[in-house]
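The values are calculated or read from the model by the stated rules, or taken from the named source; none is laboratory data. Remember, predicted model here, so these are calculated numbers, not experimental data. Glycine gets a Cβ as well: all are built from the backbone with ideal geometry, and neighbour counts include every protein chain shown. Remember, those area values only see protein heavy atoms, side chains included, never the ligands or the DNA or RNA. Shrake-Rupley method; radii C 1.70, N 1.55, O 1.52, S 1.80 Å.
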Amino acid sequence: MDLPSRERKQLDEVVIRLAGDSGDGMQKAGEQFTLTTALAGNDLATFPDFPAEIRAPAGTTFGVSGFQIHFADHDVLTPGDRPDVLVAMNPAALKVNLGDLEPGALVIVNTGAFTPANLRKAGYASNPLEDGTLDPYRVIEIDISKQTLAAVEPFELGSRDALRCKNFWALGLLYWMFDRDPEPTLAWLDEKFASKPVIRDANKAALKAGHAYGETVELPSGVEPYRVPRAKLAPGLYRNVTGNEATAWGLVAGARLAGLEMVLGSYPITPASNVLHYLARLRHFGVTTFQTEDEIAAICAAIGASFAGKLGVTTTSGPGVALKTEAIGLAIAAELPVVIVDIQRAGPSTGMPTKTEQSDLLQAMYGRNGDAPVPVVAAATPGDCFTMAIEATRLALRAMVPTFLLTDGYIANGAAPWKIPDFDSLPRFPVHFHEEREGFHPFLRDPETLARVWAKPGTPGLEHRIGGLEKDYDSGNISYDPDNHHRMTKVRAEKVARLADVIPEQEVSSGEDHGELAVVGWGGTYGAIEAAVRKCRERGMSVSHIHIRYLHPFPKNLGELLSRFDRILVPELNNGQLVKILRSEFLVPAEGLNKIAGQPFKVSELESAITSRLQKGA
Amino acid sequence: MAPDTPRALTRKDFMSDQEVRWCPGCGDYAILAALQRTLPKIGARPENTVFVSGIGCSSRFPYYMNTYGFHTIHGRAPAIATGVKLANPDLDVWIITGDGDGLSIGGNHLLHVLRRNVDVQILLFNNRVYGLTKGQYSPTSLVGQRGPSTPLGSVDFPIHPIPFALGANARFVARAIDTVQKPLMEVYERAYRNKGASFVEILQNCPVFNDGAFSSITAKDIASDRQLWAVHGEPLIFGKERNKGLRLRRDGCGLEIVTIGEDGVTTDDVLVHDETNLALATMLAHLQPPEFPMVFGVIYCNPAPTYEREVLAQNELARQRFGEPDFDALLRSGHTWRVDPET
């Protein structure tokens, strides 16, 4: 039986990191811990961090896969800077992660994997369990491999398959330690391994054995079971969501709000592929998914679909955007709506595919031949991907223009509780197809939005030709007239600029709308910046957080808002991109704070940056 | 029947008001005229017809058709056309491309639109040269082609469009000649009637940069000896006297030319064209002058389900299996929990 909660030590927040070989199932264990933690009512944020290799050589440091979860009885904004608990399934996992721990952190080690061969592969000259390396920490040494083998022995698996259950043994121990209900995970195993009953039962047995171990074995002093009370979240119905799930749902929602069916052209690429996977399962929602031969074909199919009267969408990451560049220019010239989702990763070139970065902003804004402006929006959190995917769709259709949604690997893979919206409460933006023959030409414009008419093939009397050649403003025919090109270039820019009329004004996330320092961010750094600014404000500093989700056009009040701060600090996971745009647009003395490590900001890094700016300014 | 019965259309209904701007004497004029004559005869409707092209001389084609048209970017027309068909499979979609657009920069997309069997007609104008950029050699140029980028002659081997298409699993492959109008129109109609990707190579003369590239096949005095027009179910016969034929070699693998009436050869010895036979089509596709005649007409036609119909059938299946889409239920699938207002 579980201990009554009065016998558990109460904590307000905990950060756990699970680490093991990339084949050890750390991501699966992490996802299950996330699920049960959400159901237990804590707020949370997660950070899966895994190598690009599907199965890197076992035991090596570069094959280590990690999953971090931060949960609390209050608002959680980031997956946490430093783990309070590290589960290390082998020496390599210990070696890679030990540096992130504060003294006193709890380390659970699978001693069964600390063999001479594994120690050598991890680069340990001596055994860290014996040479004092772990003295600063609280350590629980368990031969998880042996315990797992014993627990699953009745199922007569081969030792390889038997050992693969050890992630669930470790998960069982954590469930006991943090007062989690194992039922949802047992139910998940029932579903996942319905066709493999032996594997299902072995994993269940391992989970229960880990849990029972915690209950029965005497733990070292200083280690005890804990409980983290429920968080106070806004009332409503919640679920966990990753950024990529929310993006997929947001795209479907956007199409439905417009009254359109969707055609997704996509080519597999990390970390964007699972948006394609999610959408491929939603075919009954008027979604046609098309896995194309390459990135270029993916956007071209989307453009073709938009030409024919559906919502064309393409999902990719930075290298894919590079390949799509010419076709984006075509959609700009032909004035067709396409939603382009760029789930950013570390670059340039192949870069670090599984690591996060925010370095495609300038590519999205400017990376094309000719004067080729497009709307650009960015999601701040996993749940915000839903909202901003709808917004990208709305803006693309309103101005008949390809539109970027930027997310990043961090929020794409990270999960957080999300208050589920009611579809009927979302504002609709139905599309109107042109059918009037009188005076028709394909570049007739709406006087308010400057968008051209959308006349789809199949409509009698509206046969017309469009393409990448410059068109005459008044007839839509090919034109090389100098004044006409000037005019068309201006109108393509103006219709994007006018979207500023229909986007929300810039708000301040934390703090006053004026003061000594504004910390201005965009995209997935929201949580870290918000947490850092709140902490600094608690310490009495005059600092505010402004987080920009509409990057082109900017909200109308942004320039004026920024002018009310003495200093502007722009933290970005790149070498300085938004900071350049802010400086050039608003002539403000914005200063960059750049981290280009493939890892998100730590709250502490931002806190010290803010502190140092305010001290210097004082 | 539509509410107002459509009147019979003529060539003029398919001609746009744009002035045609190819060089005088360009083979494209004949290709355009033949199609504008064919479409009304075969029941095409302008509002239901879409021409998609890439970049190059041939790709100006859509501007001259009074239909829907999309002049896109270099090599990508097959991908854009596939998107059009996925969005609306009821449209008649024609892809207009050339040897550079289709086989150089766009070779990848051409390969995939063929293997997927998207229901489109692909007209590849092959003039064995880059015209729009002024005379560089193309991937179908013969070895030794001189041009501004190859003053000493090209050294790389050409690709032949018909074997390429067969290699890509095309289910309909035909070849025609720009100025030989009646057979060209017949090929257009066959391509239009075929449900699936219909690939047509049209030998097209570029009078400015590669004049006479095919004169060893098309010149009037030798045409009948150098052209074999294949007809399904009929013997593969050619020549001025209609007395030459193809038969399987007796001494190895491949085809040989025989003369009817010599060495005891009769018409019965000549191979009969079977357009559903891939092995035969593959042999015919590779025949090149001067050793053999070049084969024209429908070389291979063996229909298969089209990509977009299969995809849309899956969409329909999903609708049947999962019922009416319920977006709120989707967002609430899996584990959820309720946070109650604090009392």
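Summed over the residues of chain A and divided among them, the accessible surface reaches 37 Å² per residue at a probe radius of 1.4 Å.
The alpha-carbon atoms of region B:76-233 define a convex hull whose volume equals 122 cubic angstrom per residue.
Per residue, the convex hull spanned by the Cα atoms of region B:268-343 amounts to 199 cubic angstrom. Spatial offset of region B:269-286 relative to region A:87-123 amounts to 68 Å, using the alpha carbon center of each. Computed over every Cα-Cα pair of region B:108-153 and binned at 10 Å starting from 0, the pair-distance distribution P(r) comes out as 24, 36, 27, 12, 0 percent. Relative contact order, whole percent, for chain B stands at 14, derived from Cα pairs under 8 Å and 6 or more residues apart. B:HIS74 exposes around 50 Å² of accessible area when a 1.4 Å probe is run over every protein chain in place.
Based on alpha-carbon atoms only, what is the radius of gyration of region A:471-618 relative to the globular estimate 2.2 N^0.38 Å? Please report the intermediate quantities before stating the final value.
Working: Rg = 19.0 Å, N = 148, 2.2 N^0.38 = 14.7 Å.
In units of the 2.2 N^0.38 Å rule of thumb, it is 1.29.
Taking N as the residue count of region B:7-128, its C-alpha radius of gyration divided by 2.2 N^0.38 Å amounts to 1.01. Remark: for residue pairs A:LYS580/A:LYS602; B:LYS134/B:LYS240; B:LYS182/B:LYS244, the C-alpha separation exceeds 32 Å in B:LYS134/B:LYS240. Each part gets one Cα centre, and for region A:319-391 versus region B:1-70 those centres are 36 Å apart. In the context of the full protein assembly, A:TRP522 retains an accessible surface of approximately 0 Å², using a probe radius of 1.4 Å and ignoring ligands and nucleic acids. When shorter helices are ignored and each DSSP H run of at least 4 residues is given -39500 (n - 2.57), the per-residue value for the protein assembly as shown at 222 nm works out to -10000 deg cm²/dmol.
Summing charges over all other residues whose Cβ lies under 13 Å from the Cβ of A:GLY210, with Lys and Arg as +1 and Asp and Glu as -1, gives +3. Note on chain B: Cα-Cα pairs beyond 27 Å make up 51% of the total pair count. Largest first, the three principal axis extents of the alpha carbons in region A:220-347 are 68, 36, 23 Å in whole numbers.
Atom-type composition of the exposed protein surface of region A:368-437 places 47 percent of the accessible area on carbon and sulfur (1.4 angstrom probe). Taking all protein chains as they are arranged and a probe of 1.4 Å, the heavy atoms of B:SER333 leave approximately 50 Å² accessible to solvent. Model label sites at B:LEU142 and B:THR179, defined 7 Å from Cα along the beta-carbon direction, differ in position by 1.8 nm.
Residues A:LYS208, A:LYS456, A:LYS602, sorted by accessible area with the largest first, give A:LYS208, A:LYS456, A:LYS602 [1.4 Å probe; ligands and nucleic acids excluded]. The 3J(HN,Hα) values that the Karplus relation (6.51, -1.76, 1.60; θ = phi - 60°) gives for region A:272-283 are, in residue order, 9, 4, 6, 5, 4, 4, 4, 5, 5, 8, 10, 5 Hz. Gly and Pro appear as x.
If you take the Cα Rg of the protein assembly as shown and divide it by 2.2 N^0.38 Å, with N the number of residues, what do you get?
Ratio of Cα Rg to 2.2 N^0.38 Å: 1.11.
Extent along the principal axes, Cα only, for region A:289-441: 54, 40, 28 Å, with the longest axis given first.
Can you give the net charge of the other residues whose Cβ lies under 10 Å from the Cβ of A:ASN110, counting K and R as +1 and D and E as -1?
-1
Dividing the convex hull volume of the alpha carbon atoms of region A:30-74 by its residue count, what do you get in Å³ per residue?
Once divided by residue count, the hull of region A:30-74 is 75 Å³.
In a reduced charge model with +1 at each Lys and Arg Cβ and -1 at each Asp and Glu Cβ, region A:1-61 shows a dipole moment near 140 debye about its Cα centre.
Each Lys and Arg adds +1 at its Cβ and each Asp and Glu adds -1 at its Cβ; summed about the Cα centre, region A:311-360 shows a dipole of about 180 debye. The dipole here belongs to the protein assembly as shown: it is taken about the Cα centre, uses +1 on the Cβ of Lys and Arg and -1 on the Cβ of Asp and Glu, and is about 1040 debye. Computed over every Cα-Cα pair of region B:103-189 and binned at 10 Å starting from 0, the pair-distance distribution P(r) comes out as 15, 40, 34, 10, 0 percent. The convex hull built on the alpha-carbon positions of region A:398-509 has an orientation-averaged projected area of 11.3 nm². Only one residue of A:ILE328, A:GLY304, A:GLY25 has its Cα farthest out toward the positive end of the dipole of chain A, where Lys and Arg carry +1 and Asp and Glu -1 on Cβ, and that residue is A:GLY304.
What percent of all Cα-Cα pairs in region B:169-308 falls into each 5 Å bin, going from 0 up to the bin containing the maximum distance? In order of increasing distance, the bins hold 2, 10, 18, 21, 19, 14, 9, 4, 1, 0, 0 percent.
Positive contributions from Lys and Arg (+1) and negative ones from Asp and Glu (-1), summed over other residues with Cβ under 12 Å from the Cβ of B:ASP99, come out at -1.
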